[in-house]
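Participant: Here you go, one structure.
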Amino acid sequence: MFDTGIGDKKNKWNCPSGTTFKEDQTMRHTWPFVAACAMALSSTAQAQDAKPLEQLDVISRSYAKDNHVAEAEASRRLELRQVLARTEIEAFKADYADRLDTSYWDDSRDGFKLVLRLKQGPIPAIHELSTAHGTIPVKFTLVSGKTLDEISAILASNQAHLQEQVPGLQGTGIDEVNAAIVLYVFVPAEEQAAYEAENATLSRQLGVPVRFKFLPGPMESEPQEAPEPSPSSTLPAQSGPMATTQSAYVRGGSQILNLDNEHQCTGGFIVRNKDNTKWGLVTAAHCGKNLMYGNWSDAASGAQVTAKLTYEDQLFDATHDLAWHSFPVLGYRPLGEVFARDTCSSCGVVILSTAAAVPGDRVCHRGLLTGWTCGVVSSSTASFGSKECNGQVCDPRAYKVVVGDDLACFRGDSGGPVHYGNIAYGIVKSASYAGVEPGRCGALVFSPIGRIVDLGLRLY
């Protein structure tokens, strides 16, 4: 199943000898992450920090490999369409909003194009979009079968039937490029051919093409139970705040600890409310309400910024898995940044804007144990389990899916930021994985960043 769990007994924070913590106090102090799983995180983070490469170079390399083009050409394409011309592209698509079924990027060695599939004609005689930064090839097509809205309705009405009919079904989605239903399944490799043989039968039953996406391992859909205490990994009962001469900076992409059960998540983005009277951190609602923030220990000094957060509000239903928590009024200064590839105290990436991802977009995320990895958006729809959205049936159009050979996802990634450079795309909800290393992530699911407005929030 898709995992919305946020930690296990190996994922715990611990205070150093002589440093203790009381929940109604805040402080900045050294707080090393000593659990066994964190050793894997430490080695991953150090490996990432060892080579000071530009973040977008990593994404360009992945795109170049996937599409068999030079890295310079990959960089040009991505910079043009996801950064420089993004506003003009959105304005162009808006001209067809009343009959637009979907849009996506079609990439190949020979070029790339923005594909707009319309619900009805006529097809515009337009083959390119001229922008201030370059030309975007464009292709218009017409829906040949059912629209995405019709496919979504079919999928919603057949969720219970599919759960019964398809053993090992972990979730469903829509392949917008091919207008097909995707069934995310975990079964032994030797059984996969038998599932593939049922494609035609399922397609006839649903009246929509069906394909299987086989996941790399079984996943849990609920957070891990509270771990048993151990001498090497426990939270002390009390402490006093440490003296400091200046306010501590805080960012998104941080560590988050649930003080009720010691499960862990990843912090999302720094946000403010619509009245601009409070600021804080947005993360996944299933991460809990009694949370503590912690950035990544400075490699040179070992110092770490921590803060007891105050729960403000959440939306946890079929279309949302979001909550926000404010920082103490005194002692902290917000930065509209996230920890991305690097985690040093001066390595934050400034978030300047938001965007809605479409299939073909490249995005990255930071996770508690996985570090910073990137993939490609494969679908703008995802639903999982029968009542996996706080007891409700998930709305498939409320979540998006990321895949990729270089993508990593694991327990504890929930709530983390999904972005591309300075652009925010969403908050991680869940994942399917077989291990913590890149290439063992079957699918990463995230909530679109635009959903934070339903909480009365905007990015800081």
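The values are calculated or read from the model by the stated rules, or taken from the named source; none is laboratory data. Remember, predicted model here, so these are calculated numbers, not experimental data. Ideal geometry is used to build each Cβ from the backbone, glycine not excepted, and the neighbour counts take in all protein chains shown. Note: areas computed on protein heavy atoms with side chains; ligands, DNA, RNA excluded. Shrake-Rupley method; radii C 1.70, N 1.55, O 1.52, S 1.80 Å.
Participant: Which of the residues belonging to segment 316-340 are acidic (Asp, Glu) and either farther than 24 Å from Ser447 by Cβ or open to solvent by less than 20 Å² (accessible area, probe 1.4 Å) (or both)?
Facilitator: Listed by number, the list holds a single entry, Asp321.
Participant: Just to be sure before I move on: is Gly371 under 22 Å from Gly450 (Cα atoms), touching a Ser or Thr at 6+ places or on another chain (Cβ under 7 Å) and either open to solvent by less than 10 Å² (accessible area, probe 1.4 Å) or of a type in the set (A, V, I, L, M, F, W, C) (or both) in the structure I sent? Even if it seems obvious, please write down each step before you answer.
Facilitator: Details: under 22 Å from Gly450 (Cα atoms): no; touching a Ser or Thr at 6+ places or on another chain (Cβ under 7 Å): yes; either open to solvent by less than 10 Å² (accessible area, probe 1.4 Å) or of a type in the set (A, V, I, L, M, F, W, C) (or both): yes.
So Gly371 fails the test.
Participant: Report, by residue number, each residue of segment 292-315 that is part of a loop (DSSP other than H, G, I, E, B) and buried (at least 17 other Cβ atoms within 10 Å of the Cβ).
Facilitator: Result: Asn295, Trp296, Ser297, Leu309.
Participant: Hey, can you tell me all the residues within segment 77-89 that are in a helix (DSSP H, G or I) and in contact (Cβ under 8 Å) with a residue 24 or more places away in the chain? It would help to see each step written out before you state the result.
Facilitator: So in segment 77-89, the residues in a helix (DSSP H, G or I) come out as 77-84, 86-89.
Selection gives Arg77, Leu78, Leu80, Arg81, Gln82, Val83, Leu84, Arg86, Glu88, Ile89.
Participant: Sticking with this structure for a sec: As an exercise: evaluate Glu54 against (1) open to solvent by 40 Å² or more (accessible area, probe 1.4 Å); (2) in contact with a Lys or Arg (Cβ under 7 Å, 6 or more places away or on another chain); (3) acidic (Asp, Glu); (4) at pLDDT below 95 and give the number of the one condition it does not meet.
Facilitator: In the conditions (1) open to solvent by 40 Å² or more (accessible area, probe 1.4 Å); (2) in contact with a Lys or Arg (Cβ under 7 Å, 6 or more places away or on another chain); (3) acidic (Asp, Glu); (4) at pLDDT below 95, Glu54 misses (2) alone.
Participant: I've got another one for you. Do you know which of the residues in segment 141-164 that are farther than 18 Å from Gln120 by Cα and without any contact (Cβ under 8 Å) to a residue 24 or more places away in the chain is surrounded by the most Cβ atoms within 10 Å (Cβ to Cβ)? So that I can check it myself, show each step before the final result.
Facilitator: If we filter segment 141-164 for residues that are farther than 18 Å from Gln120 by Cα, which is where we start, we get 152-164.
Now restrict to residues that are without any contact (Cβ under 8 Å) to a residue 24 or more places away in the chain: 153, 157, 161-162, 164.
Working: Ala153: 12, Ser157: 10, His161: 11, Leu162: 18, Glu164: 9.
The extreme case among them is Leu162.
Quick grid of which residues meet (1) modelled with pLDDT under 95; (2) under 11 Å from the mean Cα position of the chain (by Cα); (3) assigned to a loop (DSSP other than H, G, I, E, B); (4) surrounded by fewer than 24 Cβ atoms within 10 Å (Cβ to Cβ):
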| residue | (1), (2), (3), (4) |
| --- | --- |
| Asp342 | yes, no, yes, yes |
| Pro359 | no, no, yes, yes |
| Val402 | no, yes, no, no |
| Gly415 | no, yes, yes, no |
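Participant: Search segment 139-156 for residues being hydroxyl-bearing (Ser, Thr, Tyr) and not in a helix (DSSP H, G or I), and hand back the single one that is nearest to the chain's Cα centre (by Cα).
Facilitator: Only one residue tops the list, namely Thr147.
Participant: Residues to consider are Val210, Val138, Val187, Val177; find the one that is touching a strand residue (DSSP E or B) at 6+ places or on another chain (Cβ under 9 Å), in contact (Cβ under 8 Å) with a residue 60 or more places away in the chain and of a type in the set (A, V, I, L, M, F, W, C).
Facilitator: None of the others qualify; the one that does is Val177.
Participant: Residues Ser221, Ser232, Ser203: which one is open to solvent by less than 60 Å² (accessible area, probe 1.4 Å) and modelled with pLDDT under 90?
Facilitator: Going through Ser221, Ser232, Ser203 in turn, just one is open to solvent by less than 60 Å² (accessible area, probe 1.4 Å) and modelled with pLDDT under 90: Ser221.
Participant: Identify, from the list Val138, Val115, Val143, the residue that is modelled with pLDDT of 95 or more, touching a His at 6+ places or on another chain (Cβ under 8 Å) and under 27 Å from Asn67 (Cβ atoms).
Facilitator: Val138
Participant: Now a separate question. Of a type outside the set (A, V, I, L, M, F, W, C) and assigned to a strand (DSSP E or B): is that true of Arg411 in this structure?
Facilitator: No: the conditions fail for Arg411.
Participant: Which one of these is open to solvent by less than 20 Å² (accessible area, probe 1.4 Å) and under 23 Å from the mean Cα position of the chain (by Cα): Tyr104, Tyr184?
Facilitator: Step by step, each of Tyr104, Tyr184 is checked, and only Tyr184 is open to solvent by less than 20 Å² (accessible area, probe 1.4 Å) and under 23 Å from the mean Cα position of the chain (by Cα).
Participant: Taking only segment 425-460 into account, find how many residues are assigned to a loop (DSSP other than H, G, I, E, B) and either of a type in the set (Lys, Arg) or open to solvent by 10 Å² or more (accessible area, probe 1.4 Å) (or both).
Facilitator: Within segment 425-460, residues that are assigned to a loop (DSSP other than H, G, I, E, B) and either of a type in the set (Lys, Arg) or open to solvent by 10 Å² or more (accessible area, probe 1.4 Å) (or both) number 8.
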